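One structure is given below, encoded as structure tokens.
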């Protein structure tokens, strides 16, 4: 922050005006920085805050600016979380638990994470596990049934699925081979 010290003989209005211009300048720097980050890709509010702290901006100055970006929809943790859930569940086959952890790690708000995760019911998670198990088992056909099941179960466990979901998906995938 630029600091202006009034010289002897300057009135106090001059000092206040310079200080105000400095804050305005800092706020403009923050807005520009955030807009540049958002130009590349949508960002969660937590990551934007981390970047601003790393750049040395004061939280007291940037929090109202972040709030305004959220208010006008330029930063939308809820939309990011929902999109990430859909992608991770349908394309990556990740479990509800793993998705929730990754969303928190990405700096999304707890409310956004909870709302997005609430869209994943047991049936959707089971369907995702079954779909990924069906795909993966094709690459394991060179192994006998016991080894194939063990490898598939380990794969699904690494995706974060609970053991009951894992073994149901393994049985489902095995049934598709026969």
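Only the coordinates and a few stated rules stand behind these numbers; no lab work does. Since we're looking at a predicted model, the values are computed, not measured. Cβ: placed from backbone, ideal geometry, glycine included. Neighbour counts: every protein chain shown.
Model label sites at residue 131 and residue 59, defined 7 Å from Cα along the beta-carbon direction, differ in position by 4.0 nm.
Here each label is just a point 7 Å from Cα along the line to Cβ, and for residue 42 and residue 101 those points are 2.4 nm apart. Residues of segment 44-58 falling in the label zone of residue 23, defined by backbone nitrogen less than 16 Å from a point 7 Å along Cα to beta-carbon, are 58. Relative protection proxy for 88-100, 116-128, from highest mean packing down: 88-100, 116-128 (other beta-carbon atoms within 10 angstrom).
Relative protection proxy for 139-145, 160-166, 40-46, from highest mean packing down: 160-166, 40-46, 139-145 (other beta-carbon atoms within 10 angstrom). Taking label points 7 Å from Cα along the Cα-to-Cβ direction, residue 118 and residue 141 give a separation of 4.4 nm.
The candidate values were [x] 126; [y] 157; [z] 174; the one computed from these coordinates for volume of the Cα convex hull per residue in Å³ carries the label [x]. Compared with the dominant Cα axis of the chain, that is its longest principal axis, helix 122-138 is turned about 60°.
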